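Here the structure comes first, spelled out in structure tokens, and everything after it is commentary.
The values are calculated or read from the model by the stated rules, or taken from the named source; none is laboratory data. In this text the structure is predicted, and so the values were computed from the model without any measurement. Cβ: placed from backbone, ideal geometry, glycine included. Neighbour counts: every protein chain shown.
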Amino acid sequence: MIDTILKAFFEHKISSEILSAELNKQIKKHYYNTPQKNTSEIEANNLFEIETKHIAFILTETLKGKLTFEDLNKIASGLLFSDLFYWDSETETGERIAKIIFE
């Protein structure tokens, strides 16, 4: 599932190349309507806070050519539609994170 793949990437457990390959696999599975686990089955009580360092890491890996703009779109969608990730949109930093992810 995209949630667990992104979390592993943010925790530096997988490389950008593995992330990109896994995102492509997951999107194809979803496209072909393969059953997916829901987030409550994965880690209902372990929310992962997105911080500016995570956004900077994604963008740096993209500038290095390790992630594509297509990968960025998949990551942003994964973050926006996931119940696992959060950021505090009430703060200035959280507002910037939300804006970057949305755009």
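Overview of values
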{"quantity": "Residue satisfying condition, being closer than 23 Å to PHE102 by Cβ and either at pLDDT 95 or above or in a loop (DSSP other than H, G, I, E, B) (or both), within set ILE5, ILE27, ILE55", "calculated": "ILE55"}
{"quantity": "Residue list for the range 50-69, filter: under 13 Å from GLU17 (Cα atoms) and either loosely packed, with under 12 Cβ neighbours inside 10 Å or over 11 Å from the mean Cα position of the chain (by Cα) (or both)", "calculated": "GLU61, THR62, LYS64, GLY65, LYS66, LEU67, THR68"}
{"quantity": "GLY78 vs. criteria at pLDDT 95 or above and not polar (S, T, N, Q)", "calculated": "no"}
{"quantity": "Test: residue in the range 33-49 that is surrounded by fewer than 16 Cβ atoms within 10 Å (Cβ to Cβ), modelled with pLDDT of 95 or more and small (Gly, Ala, Ser)", "calculated": "no"}
